[in-house]
Amino acid sequence: MPDNPAAEDRRPACALPKRAGESLVLGIETSCDETAAAVLAGQASDRNAAPTTRLLSNVVLSQIEEHAAFGGVVPEIAARTHVAALDGIIEAALSDAGTALYDIDAIAVTAGPGLIGGLMAGFTTAKALAFGADKPLLPINHLEGHALTARMTHGLAFPYLLLLVSGGHTQIVLVRGVGDYERLGTTIDDALGEAFDKTAKLIGLPYPGGPNVEEAALAGDSTRFALPRPLKGTARPDFSFSGLKTAVRQAAESAAPLGEKDVADLCASFQAAVRDTLADRVGRALDRFAADHPSVTTPTLVVAGGVAANAYLRDGLETLCREKEWRFIAPPLSLCTDNGAMIAHAGLERLLAGLIPDVRAVFAMAPRSRWPLDESATPLVGSGKRGAKA
Ligand code: KG4
Ligand code: ZN
């Protein structure tokens with residue numbers, strides 16, 4: 001309850017959407033080009049099982065139009081757009097949920113990794129709200145949001161394997177518990193979403209690249225261009241996509257000037273190379289998990305991050321899991337791309353686990369543009385032009 005009596009006076013006379021035993025968490029996400037907020041209600045269930053949750057609202061403002069003219073996300077524009085939009089998005093999330101700030105039990109906010117301007121906009125707003133309404137503030141690692149989403153959508157128990165494929169990350173992570181992650185593999189150069197975006201750009205498809213490549217590929221011949229399957233057959237389940245991108249460029253040059261059919265064939269060939277590569281790299285990780293966890297009777301692979309929206313790649317992963325007798329979980333598309341619900345959920349998990357940081361430490365904390373999920377994992381040598389993000 002707030003200490004400030006004036007805050008109590010402003011409590012609206014609306015019926016509480018909260019049920020007995022539940023906590024309400026407001027989640028705020030501004031790490032890239034989505035301004036997002038959500039309200040999640042939930043409570044603890046069994047020891048290792050996921051909390052029981054109800055998503056009361058999930059508001060996402062995509063900034064695609066702001067960045068499209070520039071062919072990619074412009075950090076300064078992203079930060080300004082977050083600042084302009086965030087208050088309204090939070091208000092909408094609270095009102096859609098039929099609640100108000102003073103009935104929220106905790107505020108969870110993405111504190112990294114991501115674009116620093118956007119992170120500052122979200123974190124500063126969350127600090128102001130938490131201070132004004134006297135609520136606990138939970139700084140959340142964006143990757144943890146993606147990592148735990150399947151517990152919200154499917155009630156998944158620990159441990160499981162996560163394939164995180166987004167614009168900034170490509171990793172295979174062993175998820176043992178809340179805050180307990182081991183990175184089994186990562187990219188040594190570009191992230192997979194980045195490879196989609198760069199491929200799109202170099203063959204003349206508009207931003208955002210991923211969905212446009214997927215759509216163009218539907219009409220294409222995936223066998224026309226012979227593209228590499230990087231790192232296929234190597235023992236550690238790491239990834240590399242910059243050589244594939246170069247191969248796409250060379251193939252595009254060989255077919256120039258590109259007609260619609262050439263673009264479709266390039267996209268289909270690129271996606272086939274990615275699908276094969278994922279099957280090989282992820283297949284290795286599944287085998288390693290199965291060997292290390294013989295007592296897990298239903299081993300589960302979860303795919304998350306923006307690239308997980310790709311139906312062709314999801315199908316490839318589903319096929320791999322069927323062959324290896326694994327359960328495969330892909331959250332709904334709206335919860336694969338960036339959103340506030342996954343941040344609210346990670347906050348709820350931390351709240352229920354008692355992982356509530358000291359209030360002074362949180363208010364003194366600055367957002368982190370780099371924030372590995374597995375802090376003990378060493379960055380790979382030569383990791384990416386944009387650096388070893390995780
Ligand atoms: O997770 P996300 O929304 O943002 C972060 O990077 O954190 O992922 C965005 C990335 C972009 O690179 C975008 O091109 C890619 O996900 N993406 C896709 C698809 N939808 C989004 N890639 C392939 N196929 C898609 N359908
Ligand atoms: Zn993301």
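The values are calculated or read from the model by the stated rules, or taken from the named source; none is laboratory data. Remember, it's a predicted structure, so these values are computed and weren't measured experimentally. Note that each Cβ is placed from the backbone with ideal geometry, even for glycine, and that neighbours are counted across all protein chains shown.
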Next item on the list: Considering each of L231, L202 in turn, give the residue that is of a type in the set (A, V, I, L, M, F, W, C), modelled with pLDDT of 95 or more and either away from ligand 1 (no atom under 11 Å from the Cβ) or closer than 15 Å to T246 by Cβ (or both).
Entry: L231
Next item on the list: Return yes when T124 is polar (S, T, N, Q), away from ligand 1 (no atom under 16 Å from the Cβ), out of contact with any Gly (no Cβ under 7 Å at 6 or more places or on another chain) and not in a loop (DSSP other than H, G, I, E, B) and no when it is not.
Entry: yes
Note to self: Just the residues that are away from ligand 1 (no atom under 14 Å from the Cβ) and in a loop (DSSP other than H, G, I, E, B), please, taken from region 140-168.
What the structure shows: G155, L156, A157, F158, P159
Margin query: Restricting to region 210-226, and then to whatever is closer than 22 Å to V282 by Cβ and surrounded by 23 or more Cβ atoms within 10 Å (Cβ to Cβ), can you tell me which residue is modelled with the lowest pLDDT?
Written below: G210
Notebook entry, point to check: Looking at region 377-384, is at least one residue away from ligand 1 (no atom under 14 Å from the Cβ), modelled with pLDDT under 95 and β-branched (V, I, T)?
Noted result: yes
Checklist line | Tabulated pairs, region 269-283, first acidic (D, E), second in a helix (DSSP H, G or I), C-beta under 9 angstrom, 6+ apart or interchain | finding: D276/G316
Next item on the list: Can you run down the residue pairs with Cβ atoms below 7 Å, 6 or more apart or on separate chains, where the first is in region 62-91 and within 19 Å of N339 (Cα to Cα) and the partner is part of a helix (DSSP H, G or I) and of a type in the set (V, I, T)?
Entry: Q63/T81; E66/I77; E66/T81; H67/I77; L86/T125
Check: Among L286, L352, which is the only one that is more than 16 Å from ligand 1 (Cβ to nearest atom) and either charged (D, E, K, R) or more than 30 Å from L56 (Cα to Cα) (or both)?
Finding: L286
Notebook entry, point to check: Within the set of pairs 6+ apart or on separate chains, which have a first residue in region 140-167 that is more than 18 Å from A44 (Cβ to Cβ) and in contact (Cβ under 8 Å) with a residue 24 or more places away in the chain, a second that is more than 13 Å from ligand 1 (Cβ to nearest atom) and aromatic (F, W, Y), and C-beta atoms under 6 Å apart?
Noted result: L161/F289
Note to self: Being over 24 Å from G177 (Cβ atoms), within 16 Å of ligand 2 (Cβ to nearest atom), touching a helix residue (DSSP H, G or I) at 6+ places or on another chain (Cβ under 8 Å) and without any contact (Cβ under 8 Å) to a residue 60 or more places away in the chain: is that true of L320 here?
What the structure shows: no
Note to self: Every residue in region 331-345 that is modelled with pLDDT of 95 or more and either surrounded by fewer than 24 Cβ atoms within 10 Å (Cβ to Cβ) or more than 14 Å from ligand 1 (Cβ to nearest atom) (or both), please.
What the structure shows: A344, H345
Next item on the list: Mind counting the residues in region 104-121 that are surrounded by fewer than 20 Cβ atoms within 10 Å (Cβ to Cβ), more than 16 Å from ligand 1 (Cβ to nearest atom) and either closer than 19 Å to L61 by Cβ or not charged (D, E, K, R) (or both)?
Entry: 1
Checklist line | Residues located in region 290-312, provided they are more than 16 Å from ligand 1 (Cβ to nearest atom) and of a type outside the set (D, E, K, R) | finding: A290, A291, H293, P294, S295, V296, T297, T298, P299, T300, L301
